[in-house]
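Read-outs: derived from the displayed coordinates by stated rules, not from any lab. Predicted model, so just to flag it, every value in this text is computed and none were measured. Because the Cβ atoms are built from the backbone with ideal geometry, glycine has one as well, and the counts that use them run over all protein chains shown.
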Amino acid sequence: MRAALATFVLVFGLAGCRGGDSEEPPVHLIHNMDVQEKGKAYRKDTSGLFADGRVMRAPVEGTVATGSSFGNNVVVTLDQLNTDAHFEDGVDGKDNMTFPAAVKVGGEIPDTLADRGRSRYQIYCSPCHGATGDGKGTVAGLALDGGPRLTVPPPAMTDERVTGAVAGRIYAAIKNGVNNGNMPSYASQIPVEDRWAIIAYIRRDIQKQPYEGGEAIKDTGVITVASLEAGKALYKSKICFSCHSIDGSKIVGPSFKGLYGSKQPTDKGEVVADDAYLKESMLQPAAKIVTGYPPAMPQLGLTDIEVQSLTLFIASLK
Ligand code: HEC
Ligand code: HEC
């Protein structure tokens, strides 16, 4: 009896590990759903589904998978697969006045969009632009004291600079940042649809104005001859107006009214605001800081002719 049992164990034991490959499923008493028909990458297709008999398929012609690289090691990102430039970039040839169709319902901007934008604004924008949009967030406070955080103060959302801006320009500020990083880009933190939600919230609850409006800031183009007219246009297009008034009132910087030829107290002593000083102020804003103001003037990359035009404009404001 014992010998018979030993033989039985030995025979079946050896048979069980004979080492060869088998296409057959292993002996499996209770199947449940463990063994079922399926294709495996390097096996032959037995289902008849694919005419060439291969289970592993090549990508559909003309498609590129996200994250894959091709040719000169260009890795394809989701951004490059964009098809809706208005939705993804806020522009459609130029800064766009309207919201993209992708965020509308039945052609209208739904209330839920601005509702969503409220929380996103409070998380991402309020530290600088303020919880109520007054431009006095906690981080902005540090900048206005000449602190290390920001070189330029953030505008209030109710400033003409933002109320007058078309939706596409506000979108561009979120996506690309402003003036070479004076405001950083929030593209990696804020998904596309949420960017539009934030704009909807700013329009509806902070600015209390229609969603779609404003004025695309006119590109002054290349100016070849210095003129007062060109200076006036540049004052708008180069956003000087958001910090310098022309009626004598103090905003972020000194007013341009009566500036030309006047005496200016600065950290390097008193100077006369002549052509040379104005030019220096525009091209190297940090060279001399007017007493009583923060060093908040951005580097605007003006050409000589633009500087001359702006100087003519400032000189005309007696
Ligand atoms: C870290 C501070 C900071 C945060 C956070 C911030 N901004 Fe700004 N923002 C600025 C500063 C500074 C400027 C002014 C830059 C300049 O004038 O060079 C600015 C300018 C702007 C402008 C004016 C752009 C123009 O073209 O005139 C808009 C619009 C704007 N921000 C919207 C937003 C929105 C929306 C958010 C939230 C997603 C946001 N900002 C978050 C600092 C910030
Ligand atoms: C983000 C705000 C801001 C913008 C935008 C800005 N400035 Fe200024 N600017 C200032 C501040 C603040 C000062 C005073 C501190 C200093 O001297 O740098 C100043 C100073 C000046 C001065 C010297 C004024 C004086 O009283 O002596 C000139 C000239 C000037 N800016 C021209 C311009 C022109 C032209 C533009 C547009 C092309 C412009 N600024 C855009 C903030 C700004």
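Taking amide hydrogens as modeled 1.01 Å from N in the peptide plane, which residues meet the under 5 Å criterion relative to Val178, leaving out close sequence neighbours?
Sorted by chain and number, the residues that satisfy this are Met183.
Quote to one decimal, in nm, the extra length available between Ala187 and Thr303 on full extension: 0.36 nm per residue of separation minus the C-alpha distance between them.
38.8 nm
When only Cα pairs under 8 Å and 6 or more residues apart are kept, what is the percent relative contact order across segment 228-315?
34 percent
How much length would be gained if the chain were fully extended between Ser262 and Glu24, taking 0.36 nm per residue of separation minus their Cα-Cα distance, in nm to one decimal?
75.9 nm
By per-residue mean of other Cβ atoms within 10 Å, what is the highest-first order of 108-120, 291-303, 28-40, 188-200?
Order by mean packing, descending: 188-200, 108-120, 291-303, 28-40.
Using only the Cα atoms of segment 228-315, what do you get for the radius of gyration and for Dmax, in Å?
11.8, 33
Enter the Cα centre distance for the pair segment 230-255 and segment 153-229, rounded to the nearest angstrom.
17 Å
Indicate the gyration tensor shape class of segment 85-206 (rounded, prolate or oblate), computed on the Cα atoms with a ≥ b ≥ c the square roots of the eigenvalues: a/c under 1.5 is rounded; otherwise a/b larger than b/c is prolate and the rest oblate.
prolate
Lys208: which aspartates and glutamates have alpha carbons under 16 Å from its alpha carbon, excluding same-chain residues fewer than 8 sequence positions away?
Leaving aside aspartates and glutamates fewer than 8 places away in the same chain, those within reach of Lys208 are Asp111, Asp115, Asp134, Asp159, Glu160.
Under 27 Å from the Cα of Lys279, which lysines turn up, not counting those fewer than eight places away in the same chain?
List returned: Lys218, Lys232, Lys236, Lys238, Lys250, Lys257, Lys263, Lys268, Lys288, Lys318.
So what's the projected area for segment 153-287, the Cα convex hull averaged over all directions, in nm²?
In nm², the orientation-averaged hull projection of segment 153-287 is 10.0.
Quickly work out the Ala102-to-Glu160 label distance, labels modelled 7 Å from Cα along the C-beta direction, and quote it in nm with one decimal.
3.4 nm
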